Amino acid sequence: MELYEYTAHELHDILLRKEASAREIVESVFRRIDEVEPLVRAYITLTREEAFAAAGATDARIARGEEIGPLDGIPIALKDNLSTRGIKTTCASRILENYIPPYSATVVERLMSQGVVMLGKANMDEFAMGSSTENSGFFTTRNPWDLDRVPGGSSGGSAAAVSAGEAVLALGSDTGGSIRQPASFCGVVGLKPTYGCVSRYGLVAFASSLDQIGPITRDVTDCAILMNAIAGYDPRDSTSVNREYPDYTQYLIPDIKGLKIGVPKEYFGEGLAPDVREAIEQAMNRLQDMGAILVDVSLPHSEYALATYYLVATAEASSNLARYDGVRYGLRAKGAPDSVTMAKRTRKEGFGAEVKRRIMLGTYALSSGYYDAYYLKALKVRTLLIQDFERAFEACDVVLSPTSPTVAFRIGEKTKDPLSMYLSDIYTITANLAALPGISFPCGFGQDGLPVGLQLLGKHFDEPTLIRAAYAFETAWGPRSPKPPLQTGGRDRASIPAGSFSDD
Ligand code: GLN
């Protein structure tokens, strides 16, 4: 096995046993990047020099006999909407193509102070608006399981990098599923924390009341380790919650006896692809075999969730993106006779079609005369959705659903019809509207041997239960997802090795 194939916790043990150096680890990952990046295209920027310097610093600490933390020397990919001081942060937008932030996001600082090795900045949908990375202003990332398919989005570069062995860990951001859906499409683990759990300081804003940063990893143990590093109060983010944050690794317990798992009937209706349904139902049986109790719950306002999300998210985006005026950040259109024309031209040239669509939708929903009918109404429905979950959680500990109604779709399949793309977010957006934590982990395979993700949603700040349940499932049914084939046409189910869900 090559070093790039190990998880972070395995690499930590390798470093402790001095079986390899941090430099050898990062060398292995960059060899892998050189080999497969032309196929996958997960990164917008690679930070090779910084990575080798950081790995050297880890090795020096080890040589001096210092204790190293669990993430010291571990290579990570960062979504390109996380500000990195001195390193381009583009949000996959032409408008920020050459933008170099003067400061780093709190999560980035936290990771750096723990010796993490940053590999580069991962591709995404422009300003995190999308579900496939096809809205990137630069290029589309490909799914390592089938290069003709999307990796999901908007954190598609992060998920593809972890899946393809081009990063050991990654950070993504999730406004309406952007960590969980790509994790599901790429066969890896993704966690969207409770709103307020991870600082948003330095995360380029899309929809501020929904955005959260979270881990994308190859297993649940790494997810817990990365959560330990990023969760916590930050006075620089006014929505950061000042409370005790647990050691998430304490909850890596393979026991879910008596855990009450709510199954909302509204999430198993029309639109759910048969292959995904089958994989999820099998996983539900397994959870039951492990001692979990499945209970029927109802989230009666679910049918309004998508409309609510696309009003709230676009309204907030239209306001947040007003700052790109050609004066303060990035691109400035040349040759304009006055500042208003300059701002108009900059925005016209700098934003892609989907971003413009959202700004228009959001501006419309907030405009006088329509505010009450659209934005205010959406806020009221948001409250009803929150109450749906409060009621459901009276009967269960976690709520289960597919992460996405389908496996990864084909590149180009949904680009002509934005609504069909929006529909793929149906199961993930409610967690953001209700500020709840949600995890997606691989639970089986669907059509063409493509990975299927199972989503569990928890009560506010109950990441511990999500981690425990996901860990229990992973331990019982396949601790590591098999390597993606990195070819077109997916994978024949029969070729998936035993121990990876295909054996029953
Ligand atoms: N796909 C959703 C959207 O396009 C979610 C994006 C996200 O979570 N950043 O808005």
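A straight Cα-to-Cα reach below 16 Å connects Lys257 with the aspartates and glutamates Asp289, Asp397, Glu474, residues fewer than 8 places away in its own chain not being considered.
The order of Trp145, Trp477, going from fewest to most other C-beta atoms within 10 Å of their C-beta, is Trp477, Trp145. A crude spin-label estimate for the pair Ser238 and Gln282, with each label 7 Å from Cα along the Cβ direction, gives 5.0 nm. Given axes a ≥ b ≥ c from the Cα gyration tensor, I'd like to know whether the chain is rounded (a/c under 1.5), prolate (a/b larger than b/c) or oblate. Rounded is the answer for the chain, as its axis ratio a/c remains below 1.5. Along the axis of the charge dipole computed for the chain (Cβ charges of +1 for Lys and Arg, -1 for Asp and Glu, origin at the Cα centre), the listed residues Pro75, Ala205, Pro254 are led at the positive end by Ala205. What's the local net charge at Ser136, with K and R +1, D and E -1, over the other residues with C-beta under 13 Å away? Local net charge: -1. Descending by average beta-carbon neighbour count within 10 Å, the peptides 330-340, 73-83, 43-53, 212-222 line up as 73-83, 212-222, 43-53, 330-340, the highest first.
What is the sum of charges around Pro254, taking Lys and Arg as +1, Asp and Glu as -1, for the other residues whose C-beta is under 12 Å from the C-beta of Pro254? Net of charged neighbours comes to 0. Take 27-35, 101-109, 127-135, 245-253 and order them by the average number of nearby Cβ atoms within 10 Å per residue, most first; the result is 127-135, 101-109, 27-35, 245-253.
Beyond 21 Å in Cα-Cα separation lie the following of the pairs Lys260/Lys483; Lys79/Lys192; Lys88/Lys483; Lys121/Lys192; Lys265/Lys459; Lys192/Lys356: Lys260/Lys483; Lys88/Lys483; Lys192/Lys356. Within the shell defined by Cβ-Cβ distances under 12 Å, the residues around Ser199 carry a net charge of -1, with Lys and Arg each +1 and Asp and Glu each -1.
Each peptide in 151-163, 6-18 was scored by the mean count of other Cβ atoms within 10 Å over its residues; highest first, the order is 151-163, 6-18. In terms of its C-alpha gyration tensor, the range 129-234 has an oblate overall shape, because the principal axis ratio a/c (a ≥ b ≥ c, square roots of the eigenvalues) is not below 1.5 and a/b does not outweigh b/c. For the range 1-59, what class follows from the C-alpha gyration tensor (a ≥ b ≥ c being the square roots of its eigenvalues): rounded when a/c is under 1.5, otherwise prolate if a/b is larger than b/c, else oblate? Judged from the Cα gyration tensor, the range 1-59 comes out oblate (a/c at least 1.5, b/c at or above a/b). Which FRET efficiency value, to the nearest 0.05, do you get for Arg323 and Phe52 by plugging their Cβ-Cβ distance into 1/(1 + (r/R0)^6) with R0 = 41 Å? Here the calculated transfer efficiency is 0.75.
Choose one of Thr133, Ala231, Cys186: the residue whose Cα lies farthest towards the positive end of the charge dipole of the chain (beta-carbon charges +1 Lys, Arg; -1 Asp, Glu; about the Cα centre). Value: Thr133. Among beta bridges from DSSP that stay inside the chain, the antiparallel ones total about 65%.
Distance from the C-alpha centroid of the range 47-68 to that of the range 305-323: 42 Å, rounded to the whole angstrom. Taken along the Cα-to-beta-carbon direction at a fixed 7 Å, the label points for Asp148 and Lys380 span 4.8 nm.
Quick note: the coordinates plus some simple rules give every number you see, no bench work behind them. Note that this is a predicted model, so its numbers are computed, not measured. Positions of Cβ are backbone-derived with ideal geometry, glycine not excepted, and every protein chain shown enters the neighbour counts.
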